[in-house]
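First up is the structure itself, then whatever we jot down about it.
The values are calculated or read from the model by the stated rules, or taken from the named source; none is laboratory data. All of these numbers come straight from a predicted model, not from anything done at the bench. Cβ placement follows ideal geometry from the backbone for every residue including glycine, while neighbour counts extend to all protein chains displayed.
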Amino acid sequence: MTKIAHCCCGSLRAEVGGEPAFVAACHCLECQRRTGSPFGVSAFFPKDQVRIEGPNKVYDRSSDSGRKVEFHFCPACGSTVFWYPAFIPEFIAIAFGAFADQSMPWPMLSAWEAEGHPWVAFDHELDHRRRQDD
């Protein structure tokens, strides 16, 4: 089944075949800043299952663990649609909300919980990590 994630204006798209390998909620401070939310949710797909279309700009930064992350966002509307995390180079991460699809699987992992807001809780079973490498 094909799923399409896109930015707010629709110019930058990521088309994926199949379901994500995993979905993670990240509570690190950088994900909080990037999303404007208490955590970011990422759907991870093998690179060979993803086709990217449209113009994009790149923002490189180091993760809280010091590894590089290359974010791609729409130059028109500013939405971050996908990124390449150096800690798992065979995958591409796509912003979960960019799919706007209620059939997407729930997060399987809640990471960097040490940076999280104490009122955030999930009511389903998932792996919990206080830090990325725990």
**Request:** Select from the stretch 74-94 the residues that are assigned to a strand (DSSP E or B) and either of a type in the set (S, T, N, Q) or in contact with a Ser or Thr (Cβ under 6 Å, 6 or more places away or on another chain) (or both) and write down the one among them that is surrounded by the most Cβ atoms within 10 Å (Cβ to Cβ).
**Result:** Ala93
**Complete:** Exactly one of Phe71, Phe87, Phe96 is closer than 20 Å to Trp112 by Cα and over 12 Å from the mean Cα position of the chain (by Cα), and that residue is Phe87
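From the list Arg67, Arg129, which one is in contact with a Phe, Trp or Tyr (Cβ under 6 Å, 6 or more places away or on another chain) and modelled with pLDDT under 90?
One residue alone meets the criteria, Arg67.
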**Request:** Determine whether Phe71 is under 18 Å from Lys3 (Cα atoms), in a strand (DSSP E or B) and either of a type outside the set (Phe, Trp, Tyr) or touching a residue at least 12 places away in the same chain (Cβ under 8 Å) (or both).
**Result:** no
**Asked** Is there a residue being touching a Ser or Thr at 6+ places or on another chain (Cβ under 9 Å), among the small types (Gly, Ala, Ser) and not in a strand (DSSP E or B) anywhere in the stretch 43-61?
**Response** yes
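Just a yes or no: is a residue in the stretch 12-19 under 24 Å from Phe122 (Cα atoms), among the small types (Gly, Ala, Ser) and surrounded by 14 or more Cβ atoms within 10 Å (Cβ to Cβ)? Explain how you work it out, then say what you get.
The initial filter retains those residues of the stretch 12-19 that are under 24 Å from Phe122 (Cα atoms), namely 19.
Restricting the remaining residues to those that are among the small types (Gly, Ala, Ser) gives none.
The answer is no, given that none of the residues of the stretch 12-19 is under 24 Å from Phe122 (Cα atoms), among the small types (Gly, Ala, Ser) and surrounded by 14 or more Cβ atoms within 10 Å (Cβ to Cβ).
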**Fill in**
Among the residues of the stretch 107-134, the number that are surrounded by 13 or more Cβ atoms within 10 Å (Cβ to Cβ) and among the aromatic types (Phe, Trp, Tyr) is 1
**Request:** Looking only at the stretch 22-33, decide whether some residue is modelled with pLDDT under 90 and part of a loop (DSSP other than H, G, I, E, B).
**Result:** yes
**Request:** Find all pairs meeting these conditions: Cβ atoms under 6 angstrom apart; at least six residues apart or on different chains; first residue within the stretch 108-125 and on the phi > 0 side of the Ramachandran plot; second residue not in a loop (DSSP other than H, G, I, E, B).
**Result:** Trp112/Cys26
**Residues satisfying the stated conditions in the stretch 8-29, i.e. touching a strand residue (DSSP E or B) at 6+ places or on another chain (Cβ under 7 Å) and free of Cβ contacts under 8 Å to residues at least 40 places away in the same chain** = Glu15, Gly17
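Give the residue, chosen from Ala114, Ala98, that is in a helix (DSSP H, G or I), among the aliphatic types (A, V, I, L, M) and in contact with a Cys (Cβ under 8 Å, 6 or more places away or on another chain).
Working: Ala114 fails: in contact with a Cys (Cβ under 8 Å, 6 or more places away or on another chain).
Residue meeting the stated conditions: Ala98.
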